[in-house]
Amino acid sequence: MNKNHRVQSSRSLSAVEVKSKFGAEFRRFSLDRSKPGRFDEFYGLLQHVHRIPNVELLVGYADVHGDLLPINNDDNYHKAISTASPLLRLFLQRKEEADYTAFGTDSLTRKKNTVLSAVLLRPDTNRKKPPVIISLPRDFRPVSSIIDVDILPETHRRVRLYKHGQEKPLGFYIRDGSSVRVTAQGLEKLPGIFISRMVPGGLAESTGLLAVNDEVLEVNGIEVAGKSLDQVTDMMIANSHNLIITVKPANQRNNVVRSGGGGAASGSSGRSSDSGASYYGYSSQAAAASMPTHIIQNFPVDELESDDEDLVIEAGGEAEPIRRAPSNYSMPSLPRYEPHLNLRTATTSVSASALSINANGTLPTSGSSGSLSNTNATSTTSSPDRAMERRSLEEDGTVITL
Amino acid sequence: MKRFRRHGQESQRDRLKQELFQFNKAIEHGFPHQPSALGYSPSLQLLAIGTRSGAIKLYGAPGVEFMGLHDENAAVTQVHFMPHQVELVTLLDDNSLHMWTLRGHKGLSELLEIGRFTLTGPPGAPPSVTRVTAVLAHTSGELLLLGTEGGHVFIVEVPGFRELEERNISLDQVAASVPDDYIGRRNLEHVEALQENPINPNQVVIGYGRGLMVIWDLEKRCAIQHIPATQQLESVWWTEDGSYILSSHSDGSYCRWMVGGEDVNDEEEKSDIPYGHFPCKAISKIIQLPTEEGPPFLLFSGGMPRASYGDRHCITVIHSKTHVALDFTSRIIDFFVIRDGLQHTGDPSALVVLVEEELVVIDLQTDCWPVIQTPYLVPLHSSAITCSHHVSAIPLKLWERVIAAGELQNTHYSKKPWPITGGQNLAPDPPQRDLLLTGHEDGTVHFWDASGVCLYPLYKLSTAGVFHTDADPNDNMNQGAEGEWPPFRKVGCFDPYSDDPRLGIQKIHLCKYSGYLTVAGTAGQILVLELNDEAAEQTVEAKVVDLLQGQEGFRWKGHTRLDVREEPVLFPPGFQPFALVQCQPPAVVTALTLHSEWKLVAFGTSHGFGLYDYQQKNTVLIKCTLNPSDQLAMEGPLSRVKSIKKSLRQSFRRIRRSRVSLRKHHVNNTAKLQEANARLEAELAEMELAPVQRKIEARSSDDSFTGLVRTLYFADTFLSDSSHNTPSLWAGTNGGCVFAYMLRLPPVEHRADEPVTAQPAKEIQLMHRAPVVGIVVLDGHGAPLPEPLEVAHDLARSPDMQGSHQLLVISEEQFKVFTLPKVSAKMKLKLTAVDGSRVRRVGVAWFCSSRTEDYGESGLVVLTNQGDVHVVSLPHVKMQVQYPCIRREDVSGIASCVFTKHGQGFYLISPSEFERFSLSTCYLVEPRCLVEAPLHSGSSSQRRSQPDGASSTHRTRQDSEDAEVLQEIQKSLEGDQTSFLENNVKSAVA
């Protein structure tokens, strides 16, 4: 929120310069920053200025960090307008030819030879700015990341899958197998656990970070050696809300190569390679940066609790508040009955609390543990309804721990 | 935080842990799985049973038992006690012989293996030459005679297993003297039987498979007499006075031969086919025993007419005019007869029969030959066990009433005391009376005295009488019609055939203070019973409870509800049902609990749960937990699962049967048997090789059986506000959901007429969605709430209601403590996320310190799907100790586990045996017994005349050790160095 204020105060111009590129053609026009209008109007305007009235378009813009991000609804449109400084660079693509992989973090900076990147690439100091919120959380969320690149052998890969309560299944299978390892006795054939199948359209497949025949070495920091297939299955399912798998990829050609080391390198390892392969892969700088990298690096098992948000429904009174237990074990000094919003603000970030407001569609009454009571007022009606209700509530639960 | 803990504190806690916890597997209760051999020592009064898995178990007086396990994983085929000694010899499937002894140690006896031996034939001889088929432990106690497949008899000196080559009786020696006119002289076949002349130890009869019997003089080393039977020989018996030999044959006949000096008298004295005319099956063993006055007893097994009764397992007993064919429900392994008198040479007093599934002892001195109830080795699985429930520290009053009810059921048993009385039971009296209740597939509940070493049957409750079943209740064991031939009499209680699988008992809860019992079964039936010392005729009112509560779109495809008898039913003294709830749909009851103080029963199925007031006989609450998208739960898949299980069981039975029948023709068909085994193993290996993969997917509310109720719990606690405690009901589901209801009970004076009400108070959805397997409320001191009526009977401290209560929810994956009345997570212990194991069984137990009597603490006892037992501290849910207990592959063992309130547990190691283990240093039940070497007044070697058991066994041991070392050196010279090392280590350890 304070971020928004700052952004606005830094800009006095009321008009936004727009430079729109479609194929080889450029169009320039301006928009009123205070009255941007709706996305569909804007979309129509673009079709008009480019004189391509019947072409389905995919609209992208370059944000302050030089990332190519999409504009496809009112929210990200407004965000794009409000963060333009002052130039808004748009990139239009025909929908049928659209290259979705172009979107995502660092997507533009990777193409160093383009003119754009030279212009857009900012010095590192800018990175330290607090993140911006660009849209609804369900549109922009990391679904996977490679972590701990700096401490793992290059032949291994530690992949984190974020389930976020979304409908998309994790979508992979594991099997028993054997792998040859170098031991004190020489080469030895040892039993191991391998990925046996990926479900098409599943989270695991869409990340592109896991593949069939990858050997699973660890699950959330615990070695799987000596454990049975069923044990590993149970471990993975128990950690499915925040699954971190260390694999030895079957294909060793795409390994992350470490660059020399040093503070900067390790600092960036936390978000070194967010996947850009999926729809969810419009992964925002904001989300990635809001996660302090030191947490990701060594992930003490207890520190990243995402399954703690048990849902409690109190019945019998008029008010049926939901309380989420303060669950963060890394902060035992916190008082137990701290109102949850405050607590979250303290532990995560401003953006997170803002997200929860959006997701619930209600404004939090500050400091009240009963703040979410409205959403739950219907919860003791028939059970199918409640099941739906619960699902949405749970979703919000995981958003908060993001 | 662990890092900052002071070292001193930690070691102090470690010391305390050692005083509190210790893991022990002490006893196996029940009947050994797949018994394969039986032995008996009249002088020791000990019974020995060998099993297919290589175990050897000795039993004497109740409480006297020993167990040994052969290192080889081979079946025990024969067990022979050395006459008048504490040694016994076992023969295994792999042709090895083993010598065991009962050695005194610190005033107790223990069973030890002291030697092993395998016959070595001349170089180049085929293995059949040394394949042992018959063993005779000679009365001298110094010789073993080993008859082999090749027809030779080897003589071995024991202990020490020294082959006396010069005394061997080779086939050639025997064949040379066989009369020329004997048809089978060219091939006498294997040695089928070896018997000693009861009045002349120097004479033995060697029975060959072809039929020929030769009486051999061991001194003169020559044949004395040839008995030219021509039928395939099955067994030989030398009568007491030494004047006759009985032989039994494969065609169902037996013959009696006069033992005379001259060979000419080769006509059989008497030949008979008892169940003749039509072809009969073999008589596998025959015994004849004299009585002081009157005719002798003749006993034999088998011999039934092949076509009509070939599938019966019978032992025929003939005495004077009485002729009975005892008809057993499983295959006969072996039998022997116990005789009266100090020298055990008097009248036959009891017949002991080991059949595949039980041990039956028949009193031969009481009219009608009733069965003597066995104090141990009772077949737990007379009908398959479906669930168990343990109740510790039973009040004396209830105990006596249960025993009294049980005694009324046992009137058909013999009044005679248990005839096998060897050894002394030195175990102290059990500290308390414990009951183990087992529910069975046929709707019975068996009450066992689980206080001590012997799991003794006390009382049996049958619930089938409440319902109409296909079976006629009068269709019991005594069906033998007058004049039927053979004169069958059913004996034994093993009856694996259930009339109606819906009767199966799934959950049991007994209140030990009030004597109220509730049992629930497969077809959604919940019975509430009370203990009544008088027989009563009453109708049981059934109440149908619709758990679906209007949920639509489902169709139950499982079994139907049981039909209740409308008319009054006469219930014998004991537990008598007075209320019945039937769930609709009639799915298997998955959770059950009873609160005798509030007079409420809570029950749950895969569709929901209900609360029943058994005083007013009405339902207080019905809650449907079914997820609308859960199609599987609706259709009754349990029956489908069961049918798969059943068909699997059947096919395994088929395999087993074929293996058994292959085994029957033991000698000639070993190759075939091995081939069959190899094929079977290959098949199994192939099954295992099939690619197995597991899906990795987060649990969702859409998963099947999320609504299945796993646990129910009553608690008087702070549910709504922190100042008023109220009765409450808690339910946990498979989908990680906990429901809490506040109960309002009318005051005691209006309990009978004012309604009990239940109001929903809380609902907790665990985010990890793992099945909730246990719920416990901890009081202000962090101690679990006492059981109902426990405080009223002054047997427990009343719970602390001042401090704030806590809720402990145990899911398969985590232990989680919440505050009450505001439910917020306080602490937790993750299990699955850390080591991949899941909670299968959980119980609250009290652990006392072994050092100071006044210190004790409560803990959670947990069994995981990996077969490990853990103790988790309360209320801090910290892992204390962990021990491997059950093999992780043993799914049925893990599923059968039940914990006691004092840190012990039971689980099934086979369908018929419970293993008892203990986690507590204070409560440990283990056999402690002493067996002394028998006083032998006979004239034989001086060793036996030593009265002191301990010292004599000691000497025996010395001798055997020396001999063993010699033998080992010899062996090692032959190149068998590994076994030499092994045995050295073994004797060093011993």
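The values are calculated or read from the model by the stated rules, or taken from the named source; none is laboratory data. These numbers come from a predicted model, not from an experiment. When we count neighbours, we look across all protein chains shown, and the Cβ atoms used for this are built from the backbone with ideal geometry, even at glycine.
Every listed requirement among (1) at pLDDT below 75; (2) buried (at least 18 other Cβ atoms within 10 Å of the Cβ); (3) more than 24 Å from A:Ser206 (Cα to Cα) is met by A:Val7 save one, (2).
Scan the stretch B:825-843 and tell me whether some residue there is crowded, with 20+ Cβ neighbours inside 10 Å, farther than 22 Å from B:Arg13 by Cβ and over 34 Å from the mean Cα position of the chain (by Cα). Yes, the stretch B:825-843 contains at least one residue that is crowded, with 20+ Cβ neighbours inside 10 Å, farther than 22 Å from B:Arg13 by Cβ and over 34 Å from the mean Cα position of the chain (by Cα). Can we say B:Ala74 is within 17 Å of the chain's Cα centre (by Cα) and of a type outside the set (Ser, Thr, Tyr)? When the stated conditions are applied, B:Ala74 does not pass them.
Checking every residue in the stretch B:117-126 against the condition of being in contact with a strand residue (DSSP E or B) (Cβ under 7 Å, 6 or more places away or on another chain) and either closer than 20 Å to B:Gln45 by Cβ or part of a strand (DSSP E or B) (or both) gives at least one match. Here B:Cys314 fulfils each of the conditions (1) within 30 Å of B:Ser912 (Cβ to Cβ); (2) over 24 Å from the mean Cα position of the chain (by Cα) apart from (2). Within the stretch B:716-725, identify whether any single residue is in contact with a Pro (Cβ under 9 Å, 6 or more places away or on another chain), in the same structural domain as B:Lys830 (by the TED database), within 23 Å of B:Phe554 (Cβ to Cβ) and touching a residue at least 40 places away in the same chain (Cβ under 8 Å), and answer yes or no. No, the stretch B:716-725 contains no residue that is in contact with a Pro (Cβ under 9 Å, 6 or more places away or on another chain), in the same structural domain as B:Lys830 (by the TED database), within 23 Å of B:Phe554 (Cβ to Cβ) and touching a residue at least 40 places away in the same chain (Cβ under 8 Å). Could you tell me whether B:Gln802 is farther than 19 Å from B:Glu597 by Cβ, without any contact (Cβ under 8 Å) to a residue 40 or more places away in the chain and in contact with a Cys (Cβ under 7 Å, 6 or more places away or on another chain)? Answer is no for this residue.
Residues that are among the aromatic types (Phe, Trp, Tyr) number at least 2 in the following strands (runs of 3 or more DSSP E) confined to the stretch B:431-471: B:444-449, B:456-462. Note on the stretch B:751-762: residues that are in a strand (DSSP E or B) and small (Gly, Ala, Ser) total 2.
Within the stretch A:232-250, how many residues are surrounded by fewer than 23 Cβ atoms within 10 Å (Cβ to Cβ), charged (D, E, K, R) and within 12 Å of chain B (Cβ to nearest Cβ)? Residues meeting the conditions: 0.
For (1) more than 30 Å from B:Val64 (Cβ to Cβ); (2) of a type in the set (Phe, Trp, Tyr); (3) free of Cβ contacts under 8 Å to residues at least 12 places away in the same chain; (4) surrounded by fewer than 19 Cβ atoms within 10 Å (Cβ to Cβ), each residue gets a yes or a no:
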position: B:Ser96; (1), (2), (3), (4): no, no, no, yes
position: B:Ser109; (1), (2), (3), (4): no, no, no, no
position: B:Pro122; (1), (2), (3), (4): yes, no, yes, yes
position: B:Ala137; (1), (2), (3), (4): no, no, no, no
position: B:Ser140; (1), (2), (3), (4): no, no, no, yes
position: B:Arg162; (1), (2), (3), (4): yes, no, no, yes
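Set side by side, the residues A:Leu209, A:Leu229, A:Leu203 differ, and just one is within 14 Å of chain B (Cβ to nearest Cβ) and within 24 Å of the chain's Cα centre (by Cα), which is A:Leu203. Checked against the criterion of being in a loop (DSSP other than H, G, I, E, B) and modelled with pLDDT of 85 or more, the stretch B:478-486 has no qualifying residue. Of the strands (runs of 3 or more DSSP E) entirely within the stretch B:650-743, those holding at least 3 residues that are modelled with pLDDT of 85 or more and more than 14 Å from chain A (Cβ to nearest Cβ) occupy B:709-717.
Restricting the first member to the stretch A:171-185 and to residues that are within 14 Å of chain B (Cβ to nearest Cβ) and touching a residue at least 24 places away in the same chain (Cβ under 8 Å), and the second to residues that are part of a strand (DSSP E or B) and among the basic types (Lys, Arg), the beta-carbon pairs closer than 6 Å and six or more apart or on different chains are A:Tyr173/A:Arg197; A:Tyr173/B:Lys695; A:Ile174/B:Arg694. The criterion of at least 1 residues that are at pLDDT 90 or above is met, among strands (runs of 3 or more DSSP E) falling completely within the stretch B:182-285, by B:191-197, B:200-208, B:212-217, B:233-238, B:244-249, B:254-258. Might you check whether a residue that is in contact (Cβ under 8 Å) with a residue 60 or more places away in the chain, acidic (Asp, Glu) and closer than 26 Å to B:Thr133 by Cβ occurs anywhere in the stretch B:58-73? The answer is no, given that none of the residues of the stretch B:58-73 is in contact (Cβ under 8 Å) with a residue 60 or more places away in the chain, acidic (Asp, Glu) and closer than 26 Å to B:Thr133 by Cβ.
Can you find even one residue in the stretch B:763-772 that is within 14 Å of chain A (Cβ to nearest Cβ), under 34 Å from the mean Cα position of the chain (by Cα) and outside any loop (DSSP other than H, G, I, E, B)? Yes. Evaluate the following for B:Thr386: is it free of Cβ contacts under 8 Å to residues at least 24 places away in the same chain and not in a helix (DSSP H, G or I)? It is false that B:Thr386 is free of Cβ contacts under 8 Å to residues at least 24 places away in the same chain and not in a helix (DSSP H, G or I). Quick check: is even one residue across the stretch B:810-819 surrounded by fewer than 20 Cβ atoms within 10 Å (Cβ to Cβ) and free of Cβ contacts under 8 Å to residues at least 40 places away in the same chain? For the stretch B:810-819, residues surrounded by fewer than 20 Cβ atoms within 10 Å (Cβ to Cβ) and free of Cβ contacts under 8 Å to residues at least 40 places away in the same chain: present. Filtering A:Val224, A:Val199 for residues that are touching a residue at least 24 places away in the same chain (Cβ under 8 Å), among the β-branched types (Val, Ile, Thr) and more than 23 Å from B:Asp702 (Cα to Cα) leaves a single hit, A:Val224.
Could you tell me which residue of the stretch B:854-910 is farthest from B:Asp800 (Cα to Cα), considering only residues that are in a strand (DSSP E or B) and within 14 Å of another protein chain (Cβ to nearest Cβ)? Filtering first and then ranking leaves B:Pro884. Can you find even one residue in the stretch A:165-185 that is assigned to a loop (DSSP other than H, G, I, E, B), more than 15 Å from B:Glu697 (Cβ to Cβ) and of a type in the set (Lys, Arg)? Checked the stretch A:165-185: no residue is assigned to a loop (DSSP other than H, G, I, E, B), more than 15 Å from B:Glu697 (Cβ to Cβ) and of a type in the set (Lys, Arg). One residue alone among B:Val588, B:Val564, B:Val569 is in contact (Cβ under 8 Å) with a residue 60 or more places away in the chain, over 23 Å from B:Asn532 (Cβ atoms) and away from chain A (no Cβ under 14 Å), and that residue is B:Val588.
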